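Worksheet: the structure to be examined is printed underneath.
Laboratory data are not the source of any read-out in this text; all were calculated from the coordinates shown. Values in this document were obtained by computation on a predicted structure and should not be read as measured data. Please note: Cβ atoms are built from the backbone with ideal geometry, for glycine as well, and neighbour counts cover all protein chains shown.
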Amino acid sequence: MLTVRQCLLACRCGLVALSMASSCTAYPLSVDRLFQEARLRGFTNHGEMFSVDNMAILARELLHPCREVEILRNGLDDKDYVIHRISQGSVLLIPYP
């Protein structure tokens, strides 16, 4: 059985992924830093991120130098486009349903 602390940390999986993506930049961000910013903006209560749009806002504004943040509204349907972006060095975050 998970403790309350483990449950709260598990809720932060989106922020953990964003923190991992930030390690590709010159200024990596901790999960705690991202959590504090997301909470300050009203995007989360306990670290859960239910909105891809809010996640994109955090990425655009906090990941430097993040040149571009793109939301693939059709998911991975356009496989050639996704492969092209990855081959160009893009970082891809994929949410689970």
At 4 °C and a viscosity of 1.567 mPa s, what translational diffusion coefficient does Stokes-Einstein give for the range 11-87, taking Rh as the Kirkwood radius over Cα pairs? Give it in µm²/s as a whole number.
99 µm²/s
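Might you report the magnitude of the Cβ-based charge dipole of the chain about its Cα centre, with Lys and Arg at +1 and Asp and Glu at -1, to the nearest 20 debye?
With only Lys, Arg, Asp and Glu charged at Cβ, the dipole is about 280 debye.
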Just rank Arg12, Arg41, fewest to most, by other beta-carbon atoms within 10 angstrom.
Arg41, Arg12
Scan the range 36-97 for chymotrypsin sites (Phe, Trp or Tyr not before Pro) in coil per DSSP, keeping those whose Cβ has at most 12 other Cβ atoms within 10 Å, and list them by number.
Phe50
